[in-house]
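Trainee: Encoded as structure tokens, here's the structure I'll be asking about.
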Amino acid sequence: MVRAVIYTDFDGVLNAFPDDKVLRRGGVGHTQWLKEGDPHKELYDSVRAFPLTGNEQVRTGHGRFRVHWSRELAGMIHDLALSGTVELNWLTTWQPRTVREYLIPCLARDPRIERTVVWYDPVTNERRWTGKLAEIMSRVRFERRQQEPLPIVWIDDEECYFTSKTQIESLEPAAPVLMVRPDERIGISRRQWRLICDFLDDSSGFPSVSLDEEGTVRDHAAHVGL
């Protein structure tokens, strides 16, 4: 039985963007070389971050893209969808064709249990800057009409901000909404994953809308997307 709905971005959430120094030394899956006092050590330590054991070049009609991800994290997300615990929705600029044709095969995903949301026009870019929040707010309104409304998890490193939280709160959600903003350099942290799992197990103790930001998040240029 589905207990919650997940909307998740890809870039900066599952696909991380490690610092160049880390990439040059073998990637986040192999950071034993980091020394005490190195500013990278705390951020990339396996206590905080899932090692990025996946490293593939994805070739699309728009060019080639290097993808770094945690196979462990991807597997746990997939298992939630496979078990029927969550309804999993990709809410990403890789929508929709590229997710199905490139990312899902790369990550060994199953398109039958993972939906990709079409939320903006890739030709005109209409809704590109507003479509994600609009999609979440539309789902909140939908759940308000249900007899058994589902809690919602929204994971995005570029869209989960306080202003978005305020707009969602104005709808007075019928079930709790958890917004998670990862650090794009590591993606979802272990702490954030534990928080998500706690929310999925029992969201009753959470506020109507809550926002969790990884403590190391920093401003960065928007991801190019497709």
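Trainee: Among the residues in segment 188-200, are any open to solvent by 10 Å² or more (accessible area, probe 1.4 Å), in a helix (DSSP H, G or I), farther than 30 Å from V22 by Cα and in contact with a helix residue (DSSP H, G or I) (Cβ under 9 Å, 6 or more places away or on another chain)? Give the steps one after another, and end with the answer.
Mentor: Keep residues of segment 188-200 that are open to solvent by 10 Å² or more (accessible area, probe 1.4 Å), which gives 190-191, 193-195, 197-198, 200.
This time we only want the ones that are in a helix (DSSP H, G or I), so: 190-191, 193-195, 197-198, 200.
Filter once more, keeping what is farther than 30 Å from V22 by Cα: 198, 200.
Going one step further and asking which of them are in contact with a helix residue (DSSP H, G or I) (Cβ under 9 Å, 6 or more places away or on another chain), we end up with 200.
Yes, the conditions are met somewhere in segment 188-200.
Trainee: Report, by residue number, each residue of segment 89-113 that is assigned to a strand (DSSP E or B) and open to solvent by 10 Å² or more (accessible area, probe 1.4 Å).
Mentor: W90
Trainee: Here is a further query. Which one of these is over 30 Å from E172 (Cβ atoms) and open to solvent by less than 30 Å² (accessible area, probe 1.4 Å): V117, V58, V86?
Mentor: Selected residue: V58, the only one of V117, V58, V86 that is over 30 Å from E172 (Cβ atoms) and open to solvent by less than 30 Å² (accessible area, probe 1.4 Å).
Trainee: Follow-up question, since we're still on this one. Consider R139 carefully, then state whether it is surrounded by fewer than 16 Cβ atoms within 10 Å (Cβ to Cβ) and either in contact with a helix residue (DSSP H, G or I) (Cβ under 7 Å, 6 or more places away or on another chain) or farther than 22 Å from A74 by Cα (or both).
Mentor: No, not satisfied.
Trainee: Got a number for residues in segment 33-70 being of a type outside the set (D, E), within 16 Å of S189 (Cβ to Cβ) and assigned to a helix (DSSP H, G or I)?
Mentor: 4
Trainee: Given the criteria modelled with pLDDT of 90 or more and of a type outside the set (S, T, Y), does L150 qualify? I'd like the intermediate steps shown before the answer.
Mentor: Values: modelled with pLDDT of 90 or more: yes; of a type outside the set (S, T, Y): yes.
Yes, satisfied.
Trainee: If you don't mind, another one. Can you tell me which residue in segment 93-115 is modelled with the lowest pLDDT, limited to those that are in contact with a strand residue (DSSP E or B) (Cβ under 6 Å, 6 or more places away or on another chain) and over 14 Å from D11 (Cβ atoms)? Reasoning before the result, please.
Mentor: If we filter segment 93-115 for residues that are in contact with a strand residue (DSSP E or B) (Cβ under 6 Å, 6 or more places away or on another chain), which is where we start, we get 95-96, 98-99, 102, 106, 114-115.
Add one more test, that the residue is over 14 Å from D11 (Cβ atoms), and what stays is 96, 114-115.
Numbers: P96: 77, E114: 83, R115: 86.
Going through the qualifying residues, I end up with P96.
Trainee: Residues in segment 155-165: is at least one within 15 Å of Y7 (Cα to Cα), modelled with pLDDT of 95 or more, assigned to a strand (DSSP E or B) and under 19 Å from the mean Cα position of the chain (by Cα)?
Mentor: yes
Trainee: Here's something else I'd like to know. Assuming V123 fulfils every condition listed in (1) in a helix (DSSP H, G or I); (2) free of Cβ contacts under 8 Å to residues at least 24 places away in the same chain; (3) over 17 Å from the mean Cα position of the chain (by Cα); (4) closer than 28 Å to F65 by Cα apart from one, which condition is it?
Mentor: (1)
The values are calculated or read from the model by the stated rules, or taken from the named source; none is laboratory data. Model, not experiment: these values are computed from the prediction. Reconstructed Cβ throughout: ideal geometry from the backbone, glycine too, with neighbour counts over all protein chains shown. Calculation scope for accessible area: heavy atoms of the full protein, side chains included, ligands and nucleic acids excluded. Shrake-Rupley method; radii C 1.70, N 1.55, O 1.52, S 1.80 Å.
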